[in-house]
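What follows is a single structure, written as structure tokens, with notes after it.
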Amino acid sequence: MIDSRLLHVFSVVAEELHFGRAAQRLHISQPPLSQSIRKLEEALGARLLIRSTRSVRLTAAGAELHRRVRQLSADSEAMVRAVQQTAKGEVGHLVIGLTPSAAYSNLSEVLYEFRRRYPTVSLDLREMNSNAMPEALHLRQLDLALLRPPFADPDLAPLRVYDEPMLVAMRKDHPLARKRWVTMNQVLDHDLIGYSRHNSRYFSQIQQLMTGAVHTGAVQTGAVQTGLGQPGAGQKPPRIVMESMIPTILTLVEAGFGLALVPAALSRMRTDTLVYAGVRGPGAMRAELLAARQPSSVNPAIDRFIAIMQAVGTHGGRRGTPGLGR
């Protein structure tokens with residue numbers, strides 16, 4: 001292994017091609033400088049400099065060594081910058097699991113802002129169901145997961161990063177289409193398209209809570225618990241005509257099969273044929289999106305991404321404002 005101090009001395013001499021000036025730059029006298037050059041030549045088994053009373057020239061071996069020393073110096077500086085940037089979350093790699101419905105949140109704005117601020121962090125986005133994400137996090141296949149509340153294990157440090165009101169989607173020619181706001185009592189007078197319990201467990205549970213709250217008088221938040229919202233004795237159950245999932249559910253609404261309870265982000269879709277009304281009173285709810293991580297993960301880009309999600313806005317839909325499309 002070549003002593004890095006000898007390489008530094010040689011580099012200065014190769015730049016100056018003058019022992020006197022090189023000695024001044026190194027703050028040493030010429031004899032120890034000459035001794036260092038001899039030690040380096042002995043270690044390499046090659047003559048590096050041709051020195052006369054009038055000039056100093058590099059040999060072919062010296063020129064090659066000078067080129068490589070400069071490259072080593074540049075690589076060393078780049079290494080330091082890369083390590084410092086990685087420690088700050090400004091460079092590196094981030095693998096994010098996305099529940100399919102997250103695509104209709106503020107995700108596109110978050111991704112744009114993250115890539116603008118941290119262009120040297122590569123993103124690997126993997127669409128997957130929320131129920132598969134906890135295991136993927138534990139197996140370190142994901143750095144971060146954007147998933148729905150029922151699947152976020154407490155040990156994954158779930159953090160709410162987005163929420164939005166649930167709206168009622170309907171055709172423009174529906175009897176309720178003129179209303180900006182409706183109650184769940186009004187919704188239950190009409191056919192309703194439900195969510196698949198297998199493919200859309202979270203929204204299926206939200207729908208149960210919203211329709212069940214009509215009878216209990218409760219106003220629910222975004223929290224979902226299995227078994228809530230079921231109609232009891234003497235209660236009028238919702239008229240679920242079929243089950244679907246996002247975004248196909250809007251196709252069925254457009255086809256006239258019934259109304260659908262959808263997150264506000266979907267109100268930007270199919271506005272030529274559909275309108276969206278806000279829900280007031282018992283049953284009004286907000287859908288939540290959580291960010292979960294492997295607790296022992298040391299990837300600082302995770303914190304950078306979450307910070308941008310929070311900065312872009314925790315609330316996806318403005319409170320007190322129904323959907324678009326009017």
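Considering only I96, P134, V80, and ranking their Cα positions along the charge dipole of the stretch 20-149 that arises from unit charges at the beta-carbon of Lys, Arg, Asp and Glu, the one farthest toward the positive end is V80.
The shape of the stretch 61-135 can be summarised by an equivalent ellipsoid whose semi-axes, obtained from the alpha carbon gyration tensor, come to 41, 13, 9 Å from longest to shortest.
Most tightly packed first, judged by the mean number of other beta-carbon atoms within 10 Å of their residues, the peptides 293-302, 202-211 read 202-211, 293-302. Computed over protein heavy atoms with a 1.4 Å probe, the accessible surface of the stretch 51-154 works out to 59 Å² per residue. Within the chain, antiparallel bridges make up roughly 50 percent of the DSSP beta bridges whose residues both belong there.
Which order do H174, H66 take by accessible area at a 1.4 Å probe, largest first?
Working: H174 40, H66 20 Å².
So, going from the largest accessible area down, we get H174, H66.
Relative to the current alpha-carbon distance between A177 and L72, full extension at 0.36 nm per residue lengthens the span by 30.8 nm. Residues considered: I28, I308, I96. Largest GNM mean-square fluctuation over the chain, using C-alpha springs under 10 Å, is found at I28.
Across the accessible surface of the chain, with the other protein chains kept in place and a 1.4 Å probe, carbon and sulfur atoms take up 51 percent. Which label belongs to the value computed from this structure, given these candidates for Cα extents along the principal axes in Å: [x] 73, 43, 34; [y] 109, 39, 28; [z] 78, 44, 37? Entry [y]. Beta bridges per DSSP, both residues in the stretch 1-154: antiparallel share near 20 percent.
The values are calculated or read from the model by the stated rules, or taken from the named source; none is laboratory data. Since this is a predicted model, take the numbers as computed values, not measurements. As a convention, Cβ positions derive from the backbone with ideal geometry for all residues, glycine included, and neighbour counts pool all protein chains shown. Each accessible area value is taken on the protein alone, full model and side chains, heavy atoms only, with ligands, DNA and RNA left out. Shrake-Rupley method; radii C 1.70, N 1.55, O 1.52, S 1.80 Å.
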